[in-house]
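Structure first, commentary second.
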Amino acid sequence: MKMKSILSISLILGWVFLSSCEDIIDVQIEQKQKKIVVDAFIDNAIKTQRIRLTESIPYFDSSKTEPPVSDAQVVLADTGSFKLFNFTYKENGYYEWEPNPASGDTLQVGRNYALLIIQGGDTIVGVSRLNPTIDKIDSIRTVPVEGNGPPFIDSGKYIELFAKDRQGMGDFYWIKLFRNDTQNSRLNNLNISQDMGNNSNGQDGDYFIYPVRFNRNNEFLRPYRQDEKVRIEVYSINRETFYWFQIIQNQANNGGLFATPPVNIQSNMFMLGDHSGRGVAGFYNIGAVVGDEIIIQE
Amino acid sequence: MWTRYLLLVSLFFPGYSFAQNATISGFIKDNSSGETIKGAVVQSLTDKTSVITNNYGYFSLKLSDGKHDIKISSKDFENLETTLTIAENESINKNFFLKPEIEEIEEVNVRAKRNDNVKKIDISTQSITGKVIKKIPAFLGEADVIKSIQLLPGVTTVGEGASGFNVRGGSIDQNLVLMDEAPIFNSAHLFGFFSIFNPDAVKDVQLVKGGIPANYGGRLSSVLDVITKDGNNKKYQANGGIGTIFSRGSIEGPIAKDKASFIIAGRRSYIDVLAKPFLNDDLSGSRFYFYDLTAKVNYETAKDRFFLSTYIGDDIFYAANAFGVKWGNSTVTGRWNHVYNDKWFSNVTYYYSRYRYNLEFSNGDDLSFNWTSYINNNSLKADFTYFANPKNQIGFGGQSTYYIFTPGNAIATNSAGTNNFSLPNKYALENAIYLTEDFNANGRFSIRAGLRVSQFLYLGKSKVYSYQDPIADGQRRFVDSIWEVGSNGVIANYINPEPRLGFKYQLNRFSSVKGGYNRMVQNLHLISNTAASVPFDVWQPSTNNILPEKADQYTIGYFRNFSIGKQDFESSIETYYKDLQNQVDYVDGANLLLNEYLEGELITGIGRAYGLELYLKKSTGKLTGWISYTLARSERKSPGINDFNWYPSRFDRLHNLYIVSQYSLNDKWDLAANFIFSSGTPTTFYSGQYTVQGYTIPDAGTNARNNIRNPNYHRLDLSVTYTKKKKGKWESNWVFSVYNAYNRRNPFSIYFDTDYENTGQNEAIQFSVIGSIVPAISYNFKWN
């Protein structure tokens, strides 16, 4: 019955907005610039840290295989102590570095780290501050939800994250979601937080509010099933990183009457000189991380 | 004191004194309804002098003593010719009544009066009467004020379903939309498919695009002055219609014959009523409709006239236990016209106007979000007209408006408690004084010179923010410091002189050259970064961080009327250049909703717009209508955007051709056809892509903004009206209409998206608001 009502409403609204329609069309676009892409999201955990370098591809390239950049020199520098950490090339564009607590080769909260990339005659630099993250995740809880079915929400088990924002304004987090060890990379689930919520609005130091706590930790029409493993990591980011994420989030589903103009998404990595004239894209952030996981029970 | 000062002003203009010391003054009215007629021309054929009635239908004309042949003419009315004898120093106060024109009119009469557009000093000004609006078929066969305006030269829209309209390269918030003098902040019903003005209640609509007189101010690009009917003061009358989407009705009539009258008009859409049987269970409480109510009463004595008018309207979309959206305007206007003597006329207006929207989500249980925003204003204004002599007419006045902005009261509730995202109110006071003089040197040359001085005070109580310089141009600015200013403390004070100038040089009876200059200042800004404006866009006052927008516009035009055989035509060519300063632009990825630090997301840019407008109109005979062609550019330039080069604005359309035609087959059948062609609007395309942390990110390649065009827009609308023979007091007609007759899928926009659910591929998607032919039937009636 419910389904029928929803159908009626959509029919009626459809009638109001008549035949508003969307067609997928063929557009010929030349790629203006082949940029070097920096994917550098590293943390201070004692485990292998990876940075990836690739080249951007044409917008309608369906192969989705960005050519890796393998011949770069990648160095992380502690701007306080001038200690250098070399990332060495492994494969498929990935450069790796192993922290070593025994020799003091670790990253420290509160310090600024410069990332230096030298490749093809270009020098690319960026700076990020290693901000502290929250103390701990209090709990990840399952909640049963009774839904109306598509297109709204399916009945089943969903999860809520209980964790407290750090005291003091100006904390930014990226809350990563892993389902059965696979990181969710849907923009609808991209979960970033300024203090307790989307906007700061003076709310500080307490549990994350609703969208951060619930909505983005759950996939659309995909409730969690028994024995699935759910892991959540709260990773501290810089303010610039937060805004960068916000922009790429806004670019998704940005159509129709109320679309905002597409934007040129700026990187926080800069080319010194820019001899090749190719430009740089991507982002660099260094953060601290805490995580927790649960197995979904009946 | 004032008189002496004004005389002094008049002295700057030669030709002040003649042997004209008798005066005739009064109101020009419609003899069938008693409605006053603005813009009517009162001429003494004897003295070869003339005057035009003001907005309230009042005129005053100095005459030499003796016998005069007086001729009064106005569009849509038969000419009135009369003779009167006036003695020296005599002052005659007399109202004249014009007979509404019936279709088959003697051509001699017609030709004699079709030169008003050439004779009047107004440039870039177009008037449409309610009667004409009703003849233009619009969406779903419903006559519509804004849709009619969008067919005039210099007026464009970003597309179907977009609120508002763009005039000469200005954004939609740069139009001052007035309804009985009260400003309307959102003129859209149903996201812009219809406008809030009920055609049954509209007497007259005037759009001023250039040479804007000094009595108007506050917006950069245009004035849309909608005047509602006063109500028939002779007999009762009812109008109505039953349409595909809504029905409307109005009643008007005398309260005291020839002294007082009223009109009340309403509309309501009834999708939800029709849908009711289909809605059950938890959705039975759903409502989807809009309504509006327009009402007015007036009372007149020999020297005074009082009007009280009001408008209330809302759009309501409420799905039970899911979401609700509501927006609407309400206004109240009280006016008092007073005739002091044969030289002095005044109008005092008080109005209250409010725009409100509300958005709520709820799961019907413990989860809810409720957001309300307002803009409220109270205003008092006074306008005086001094009819010095046939060569000089002086107007002056002042206005004071107090605004309260409520950017957002937003509360979210869930099982864990309540979160309040509300932003505090903002307050402002806007004052203006003006002086304007119409000087008619001789039959050929006339000048309108004016000065308006506006003051805008951004007042406490409020938090005040200062921002750091951005890291780079076009980047977000972060807060530097915050302090508090107490109640009514002045945070920012902007005083701006706004000179205005218009001239006309009459080449002969049928042609003239006119020019105009205006400087306009705007202190209210609609913060909107979307392709089409949404009802939830927020109005912001000028603050210490948001500067007043300014525009200088220069316009010149050639006006000529001519005849081919028995067919009469009006034509004009106008060209304009507009220079815009302090235009509001946005940082990339600006966060405009409920953001306390909104000002940091804004960039100040400049703009320019220029164009050529051709207009050919035929208003007599069996075939009537007009052809309008506009060649135009509208560009913006902002730091950090498009590498600080000029880029086309979202509503830049190079070619715009509108053909509006009606053909009267016989007493029963009328045909109408509209054709519209507009160049595609610009948009920004992505060229590359890359992946970071698993997210596919589009790449525009450079800082280019609006570098590619959407396809052109064109559409044909047809309608057939069948008028039934009048039976007693009952008249009715059926309108059969077809919108988008050749079934074109006009693109509103092309956007890019990644299909995450299925292929994971990037796609270009063309979005059409209306993608098919839309037929409709409506039934209209009139009882009088």
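The values are calculated or read from the model by the stated rules, or taken from the named source; none is laboratory data. Keep in mind that this is a model prediction, so the values were computed, not measured. Please note: Cβ atoms are built from the backbone with ideal geometry, for glycine as well, and neighbour counts cover all protein chains shown.
Numbers at a glance
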quantity	calculated
Single match in B:418, B:401 (criterion: of a type in the set (Ser, Thr, Tyr), closer than 29 Å to residue B:345 by Cα and outside the structural domain of residue B:50 (by TED's automatic domain parsing))	B:401
Top-ranked residue in the stretch A:146-171 [being of a type in the set (Gly, Ala, Ser) and modelled with pLDDT under 80; ranked as surrounded by the fewest Cβ atoms within 10 Å (Cβ to Cβ)]	A:149
Sole residue being surrounded by 14 or more Cβ atoms within 10 Å (Cβ to Cβ), in contact (Cβ under 8 Å) with a residue 24 or more places away in the chain and within 14 Å of chain A (Cβ to nearest Cβ), chosen from B:765, B:773	B:773
Pair list, Cβ under 6 Å, 6 or more apart: the stretch A:122-151 residue under 30 Å from residue A:268 (Cβ atoms) and of a type in the set (D, E, K, R), other residue outside any strand (DSSP E or B) and modelled with pLDDT under 95	A:122/A:275; A:122/A:276
Close pairs from the stretch B:501-524: first under 19 Å from residue B:125 (Cβ atoms), partner among the small types (Gly, Ala, Ser) and surrounded by fewer than 17 Cβ atoms within 10 Å (Cβ to Cβ), Cβ under 7 Å, at least 6 apart	B:506/B:443
Candidate set from the stretch B:407-425 (those that are under 18 Å from residue B:375 (Cβ atoms) and surrounded by 19 or more Cβ atoms within 10 Å (Cβ to Cβ)); member that is farthest from the other protein chains (Cβ to nearest Cβ)	B:407
Test: residue in the stretch B:702-709 that is surrounded by 15 or more Cβ atoms within 10 Å (Cβ to Cβ), within 11 Å of another protein chain (Cβ to nearest Cβ), under 31 Å from the mean Cα position of the chain (by Cα) and more than 26 Å from residue A:38 (Cα to Cα)	yes
Filter pass, residue B:201 being over 13 Å from the mean Cα position of the chain (by Cα), at pLDDT below 95, among the small types (Gly, Ala, Ser) and surrounded by 23 or more Cβ atoms within 10 Å (Cβ to Cβ)	yes
Members of the stretch B:604-649 found to be out of contact with any Pro (no Cβ under 6 Å at 6 or more places or on another chain), small (Gly, Ala, Ser) and part of a strand (DSSP E or B), listed by number	B:605, B:607, B:609, B:611, B:625, B:632, B:634
Filter result for residue B:692 (aliphatic (A, V, I, L, M), without any contact (Cβ under 8 Å) to a residue 12 or more places away in the chain and at the interface with chain A (Cβ under 7 Å from one of its Cβ atoms))	yes
Residue B:686 vs. criteria of a type outside the set (S, T, N, Q), part of a loop (DSSP other than H, G, I, E, B) and within 14 Å of chain A (Cβ to nearest Cβ)	yes
Sole residue being crowded, with 21+ Cβ neighbours inside 10 Å, closer than 30 Å to residue B:63 by Cβ and either among the hydrophobic types (A, V, I, L, M, F, W, C) or assigned by TED's automatic domain parsing to the domain that holds residue B:185 (or both), chosen from B:388, B:428	B:388
Check on residue A:247, crowded, with 16+ Cβ neighbours inside 10 Å and either at the interface with chain B (Cβ under 8 Å from one of its Cβ atoms) or over 17 Å from residue B:589 (Cβ atoms) (or both)	yes
Exclusive hit being farther than 30 Å from residue B:651 by Cβ and surrounded by 18 or more Cβ atoms within 10 Å (Cβ to Cβ), set B:740, B:780	B:780
Failed condition for residue A:239, given (1) within 21 Å of residue A:75 (Cβ to Cβ); (2) surrounded by fewer than 17 Cβ atoms within 10 Å (Cβ to Cβ); (3) of a type outside the set (A, V, I, L, M, F, W, C); (4) within 11 Å of chain B (Cβ to nearest Cβ)	(1)
Test for residue B:335: is it in the same structural domain as residue B:231 (by TED's automatic domain parsing), modelled with pLDDT of 95 or more and not in a helix (DSSP H, G or I)	yes
Residues (modelled with pLDDT under 95, on the phi < 0 side of the Ramachandran plot and aliphatic (A, V, I, L, M)) located in the stretch A:7-45	A:7, A:9, A:11, A:12, A:13, A:16, A:24, A:25, A:27, A:29, A:36, A:45
Residue list for the stretch B:586-619, filter: under 27 Å from the mean Cα position of the chain (by Cα) and surrounded by fewer than 21 Cβ atoms within 10 Å (Cβ to Cβ)	B:592, B:593, B:604, B:606, B:608, B:610, B:612, B:614, B:616, B:617, B:618, B:619
Qualifying residue in the stretch B:664-682 (condition: in contact (Cβ under 8 Å) with a residue 24 or more places away in the chain, crowded, with 19+ Cβ neighbours inside 10 Å, of a type in the set (Gly, Ala, Ser) and in contact with a His (Cβ under 9 Å, 6 or more places away or on another chain))	yes
The stretch B:289-308 - residue that is more than 24 Å from the chain's Cα centre (by Cα) and among the basic types (Lys, Arg) and, of those, surrounded by the fewest Cβ atoms within 10 Å (Cβ to Cβ)	B:303
Subset tally (residues that are among the basic types (Lys, Arg), within 14 Å of chain A (Cβ to nearest Cβ) and loosely packed, with under 13 Cβ neighbours inside 10 Å) for the stretch B:464-509	0
Matching residues in the stretch B:625-646 - criterion: being touching a strand residue (DSSP E or B) at 6+ places or on another chain (Cβ under 6 Å) and either among the basic types (Lys, Arg) or within 13 Å of chain A (Cβ to nearest Cβ) (or both)	B:633, B:636, B:637, B:638
Residue count, the stretch B:529-558 (criterion: at pLDDT below 95 and among the charged types (D, E, K, R))	1
Test: residue B:652 is in a strand (DSSP E or B), surrounded by 19 or more Cβ atoms within 10 Å (Cβ to Cβ) and assigned by TED's automatic domain parsing to the domain that holds residue B:474	no
Residues of the stretch B:246-266 that turn out to be within 24 Å of the chain's Cα centre (by Cα) and of a type in the set (Val, Ile, Thr), as a count	2
